[in-house]
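Novice: Here you go, one structure.
The values are calculated or read from the model by the stated rules, or taken from the named source; none is laboratory data. Keep in mind that this is a model prediction, so the values were computed, not measured. Positions of Cβ are backbone-derived with ideal geometry, glycine not excepted, and every protein chain shown enters the neighbour counts.
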Amino acid sequence: MKPSVISRNPEVLSGAAVLTGTRVPVRNLIDCLEGGYSIDGFLDDFPSVSREQVIQFLELAKEKLVKTADGDDDMKTCDYAALTGAVMFDRMEEEDARRQPR
């Protein structure tokens with residue numbers, strides 16, 4: 001299994017969702033892309049993030065969007081922030097489940 005592209009740690013940025021191995025909040029990536037930044041522009045501003053992390057995040061968001069759209073034929077629009085929240089929530093649930101004693 002691929003390591004999660006998103007992580008949270010109460011000791012890193014007060015537990016904000018960040019791109020794993022960095023102190024860059026996922027929100028920064030979303031805001032930059034929504035604001036018209038290219039991936040290269042984002043990477044120039046946040047050198048601790050790899051292109052692979054950005055691509056992995058976008059693939060994960062795409063997968064969630066397709067699943068959402070396939071499950072709801074009446075869906076006309078998709079709120080990107082809500083989608084991103086769903087992606088992060090699912091990843092955090094997976095991480096929490098792995099941490100639970102068996």
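Novice: Hey, can you tell me all the residues within segment 1-48 that are without any contact (Cβ under 8 Å) to a residue 60 or more places away in the chain and of a type in the set (Ser, Thr, Tyr)?
Specialist: Once the filter is applied, which keeps residues that are without any contact (Cβ under 8 Å) to a residue 60 or more places away in the chain and of a type in the set (Ser, Thr, Tyr), segment 1-48 yields Ser14, Thr20, Thr22, Tyr37, Ser38, Ser48.
Novice: I want to confirm something. Restricting to segment 8-26 and keeping residues that are closer than 13 Å to Val49 by Cα and of a type outside the set (Val, Ile, Thr), which single residue is surrounded by the most Cβ atoms within 10 Å (Cβ to Cβ)?
Specialist: Of everything passing the filter in segment 8-26, Leu19 is surrounded by the most Cβ atoms within 10 Å (Cβ to Cβ).
Novice: Having 2 or more residues that are within 14 Å of Val5 (Cβ to Cβ), modelled with pLDDT under 85 and of a type outside the set (Gly, Ala, Ser) is the bar; report the helices (runs of 4 or more DSSP H) wholly within segment 16-80 that clear it.
Specialist: Filter on segment 16-80 gives 51-71.
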